[in-house]
Amino acid sequence: MAKKVTSKKALFGNRRSHSLRATRHAQKPNLQKVTLDNGESIRMSARELRTLNKVSKDIAA
């Protein structure tokens, strides 16, 4: 099982119909399974993965 690195949780709100009835709705984070160089697999959000790739490119350049 992949370790969960991020602390992001689902956001909750309401869906509103035309008659303004409210039903609960969850927006879940976009968690991706990533395999590291040492073979360990972790789960992190897509936003964190993009930031990590950007920072690693800046360091390499």
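With every protein chain left in place, what is the accessible area per residue of the chain in square angstrom, probe 1.4 Å? List each step's numbers first, then the result.
Numbers: 5560 Å² over 61 residues.
Accessible surface, normalised per residue, equals 91 Å².
The heavy atoms of Arg15 offer some 140 square angstrom of accessible surface to a 1.4 angstrom probe. Rolling a 1.4 Å probe over the protein heavy atoms of the chain, with every protein chain left in place, gives an accessible area that is 51 percent carbon and sulfur.
Spin-label model, Ile42/Lys28: points 7 Å from Cα along the beta carbon direction are separated by 2.2 nm. Rolling a 1.4 Å probe over the protein heavy atoms leaves Leu52 with an accessible area of roughly 90 Å². Sequence-ordered 3J(HN,Hα) estimates for region 28-35 from the Karplus curve with 6.51, -1.76 and 1.60 and θ = phi - 60° stand at 8, x, 7, 8, 10, 8, 10, 9 Hz, glycine and proline given as x. Rounded, prolate or oblate: which one fits the chain, using the alpha carbon gyration tensor with axes a ≥ b ≥ c (rounded when a/c is under 1.5, else prolate when a/b beats b/c, else oblate)? It is prolate, given that a/c is not under 1.5 and a/b is the larger ratio. Mean separation of Cα pairs under 8 Å and 6 or more residues apart, divided by the residue count, gives the chain a relative contact order of 32 percent.
Report the local net charge at Arg15: Lys and Arg +1, Asp and Glu -1, summed over other residues whose C-beta lies under 12 Å from its C-beta.
Values: positive: Arg16, Arg21, Arg24; negative: none.
Summing Lys and Arg as +1 and Asp and Glu as -1 gives +3.
Against the chain, whose longest principal axis comes from its Cα atoms, helix 46-60 is set at around 30 degrees.
The values are calculated or read from the model by the stated rules, or taken from the named source; none is laboratory data. Since the structure is predicted, the reported quantities are computational estimates derived from the model, not experimental observations. With ideal geometry, Cβ positions are generated from the backbone for all residues, glycine too; neighbour counts draw on all protein chains shown. These accessible areas exclude ligands, DNA and RNA; they are computed on the full protein's heavy atoms, side chains included. Shrake-Rupley method; radii C 1.70, N 1.55, O 1.52, S 1.80 Å.
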